Amino acid sequence: MRFFYTIGIYLYTLGIRVAALCGHKNARLMVHGWKESLTKQSNNQAIKTAWFHAASLGEFEQARPVIEGFRERHPDYRILLTFFSPSGYEVRKNYAQADIVHYLPMDTPHNVRRFLDTYQPTLVFFVKYEFWYNYLNELKKRGITTYIFSAIFRENQYFFKWYGRWFLRQLRRCFSHLFVQNAQSLQSLQHLGNIDECTLTGDTRFDRVHQIAEAAERNEAAEAFLNGYNGKVLVAGSTWPPDEALIRQLTVNNKQLKVILAPHVISVEHLQQIEKLFPESIRYSQILNSQSSNSQSPRVLLIDNIGLLSKLYRYADVAYIGGGFGVGIHNILEAVTFGKPVLFGPNYRKFQEAHDIIACGGGWSHRTYDEFQNHLTPLLTNSEAYTKASQACTDYMNRNLGSTNRILKHVDEYLEEE
């Protein structure tokens with residue numbers, strides 16, 4: 001099975017290289033990044049190095065509180081940060097808390113040896129789903145302490161199948177310790193893999209979104225949009241066309257509601273489609289430039305740049321989280337951390353926090369407009385119902401904070417013993 005795994009990696013690498021030659025932008029970025037990470041020399045290899053690997057931007061956000069907490073506690077270590085995906089690297093390649101940021105070379109034995117020889121990490125942290133056999137195997141051979149945190153395991157994952165049991169055995173053998181998100185993950189590992197070096201520490205995303213909320217500053221453009229308005233506000237984040245169609249119907253039926261709409265895709269074409277759907281909208285950039293073409297006060301603020309959404313939820317009465325009519329919902333915790341009840345589409349099954357927030361009364365899922373309206377209306381019209389839902393969100397966040405400290409406490413104890 002190990003042989004077939006490595007052959008699969010070689011074939012996947014070949015596919016990326018072919019795509020790069022055919023002009024695929026992300027493939028070109030990855031191929032260039034692989035070359036750079038293997039040819040640049042690491043300065044001052046005598047310094048101890050902590051290597052953090054995140055697949056993409058979402059996993060980086062989970063890693064960030066641990067990276068920054070580790071750096072504060074252990075300033076004698078340099079930080080190496082790697083990404084698999086361009087969506088992570090291209091956004092965070094200048095991340096100030098890391099000394100070195102690279103793409104992760106593909107998981108072939110040759111690449112692995114070259115990469116580890118170059119950077120010589122003394123401590124390694126993988127995030128959530130990152131299981132690379134050749135890296136893990138070589139790290140184990142070299143006796144390098146290797147962790148994974150915010151990990152989540154389900155019994156329908158491939159390494160719990162007959163053909164993936166060999167990989168489960170590698171998890172037992174190669175990870176020094178596994179920090180998992182929930183009790184189900186712990187039970188799955190202990191029952192099917194008999195893994196003792198595993199601890200339930202929770203999800204570091206809670207700590208991260210809490211940090212964002214604590215540091216959130218006022219947004220002048222959003223406040224200009226809401227200036228003089230005393231009604232209810234819906235902040236719709238990471239929306240896709242099916243989400244936007246529902247919200248359009250809502251604005252037609254509720255003439256008083258104002259909406260801050262942050263689409264997941266901000267291409268020229270998509271922004272123009274949204275403006276046709278919401279003729280009473282104004283772009284965020286227009287407010288910044290004091291350029292409004294609307295003769296009346298606009299009812300929809302269209303966010304046409306990235307990086308603002310997590311801070312805009314503070315202005316919501318209720319939050320709508322997009323993606324639920326596609327492959328899955330986006331981050332609900334960014335809204336929940338502000339105590340905002342959340343609504344989202346039906347495809348949330350893989351997201352534990354969505355199940356949790358529904359169970360505690362702070363969120364609801366819908367399949368149709370009527371369901372959406374039925375969930376939303378009490379939150380907008382009944383102060384008692386709203387307060388109850390908002391408090392449920394706050395209580396849920398408070399119960400789940402502290403994962404970062406639990407992880408770093410274990411790491412500190414290990415380093416003290418060294």
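Here are the numbers for this structure:
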{"quantity": "Condition broken by Leu261, with the remaining ones in (1) more than 21 Å from Gly58 (Cα to Cα); (2) not in a helix (DSSP H, G or I) satisfied", "calculated": "(1)"}
{"quantity": "Candidate set: segment 355-380, residues that are in contact with a Cys (Cβ under 9 Å, 6 or more places away or on another chain) and either acidic (Asp, Glu) or crowded, with 19+ Cβ neighbours inside 10 Å (or both); chosen: the one nearest to Ala236 (Cα to Cα)", "calculated": "Gly363"}
{"quantity": "Helices (runs of 4 or more DSSP H) lying entirely in segment 132-215 (those with 3 or more residues that are over 20 Å from the mean Cα position of the chain (by Cα) and closer than 30 Å to Ser310 by Cβ)", "calculated": "183-192"}
{"quantity": "Condition broken by Phe126, with the remaining ones in (1) surrounded by 15 or more Cβ atoms within 10 Å (Cβ to Cβ); (2) part of a helix (DSSP H, G or I) satisfied", "calculated": "(2)"}
{"quantity": "Enumerated helices (runs of 4 or more DSSP H) restricted to segment 270-369, each holding at least 1 residues that are touching a Phe, Trp or Tyr at 6+ places or on another chain (Cβ under 8 Å)", "calculated": "284-288, 333-336, 352-359"}
{"quantity": "Residues located in segment 399-418, provided they are in contact with a helix residue (DSSP H, G or I) (Cβ under 9 Å, 6 or more places away or on another chain) and acidic (Asp, Glu)", "calculated": "Asp412"}
{"quantity": "Filtered residue count, segment 258-271, keeping only those that are at pLDDT 95 or above and touching an Asp or Glu at 6+ places or on another chain (Cβ under 6 Å)", "calculated": "1"}
{"quantity": "Leading residue by the ranking (farthest from Val127 (Cα to Cα)) among those in segment 51-66 that are aliphatic (A, V, I, L, M) and crowded, with 22+ Cβ neighbours inside 10 Å", "calculated": "Val66"}
{"quantity": "Yes/no for Tyr396 being more than 29 Å from Phe175 (Cα to Cα), buried (at least 17 other Cβ atoms within 10 Å of the Cβ) and either touching a helix residue (DSSP H, G or I) at 6+ places or on another chain (Cβ under 8 Å) or modelled with pLDDT of 95 or more (or both)", "calculated": "yes"}
{"quantity": "Residue in segment 398-411 that is in a loop (DSSP other than H, G, I, E, B) and either under 30 Å from Ile67 (Cα atoms) or polar (S, T, N, Q) (or both) present", "calculated": "yes"}
{"quantity": "Single residue of segment 71-109 satisfying the filter (in contact (Cβ under 8 Å) with a residue 24 or more places away in the chain and among the charged types (D, E, K, R)) that is farthest from Ser37 (Cα to Cα)", "calculated": "Arg73"}
{"quantity": "Filter result for Gln211 (modelled with pLDDT of 95 or more, surrounded by fewer than 17 Cβ atoms within 10 Å (Cβ to Cβ) and at negative phi)", "calculated": "no"}
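Let's see how each residue does on (1) under 25 Å from Glu72 (Cβ atoms); (2) of a type in the set (A, V, I, L, M); (3) within 16 Å of the chain's Cα centre (by Cα):
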site	(1), (2), (3)
Val318	no, yes, no
Asn347	no, no, no
Ala359	no, yes, no
Asn398	yes, no, no
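One line per residue, one yes/no per condition, for (1) surrounded by fewer than 14 Cβ atoms within 10 Å (Cβ to Cβ); (2) of a type in the set (Ser, Thr, Tyr); (3) within 24 Å of Pro341 (Cβ to Cβ); (4) at pLDDT below 95:
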{"residue": "Asn230", "(1), (2), (3), (4)": "yes, no, yes, yes"}
{"residue": "Asp243", "(1), (2), (3), (4)": "no, no, yes, no"}
{"residue": "Arg248", "(1), (2), (3), (4)": "no, no, yes, no"}
{"residue": "Gln256", "(1), (2), (3), (4)": "yes, no, yes, yes"}
{"residue": "Lys276", "(1), (2), (3), (4)": "yes, no, no, no"}
{"residue": "Arg283", "(1), (2), (3), (4)": "no, no, no, no"}
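The values are calculated or read from the model by the stated rules, or taken from the named source; none is laboratory data. From a predicted model like this one, the values you see are computed outputs, not experimental measurements. Neighbour counts are summed over all protein chains in view; Cβ atoms, including those assigned to glycine, are modelled from backbone coordinates with ideal geometry.
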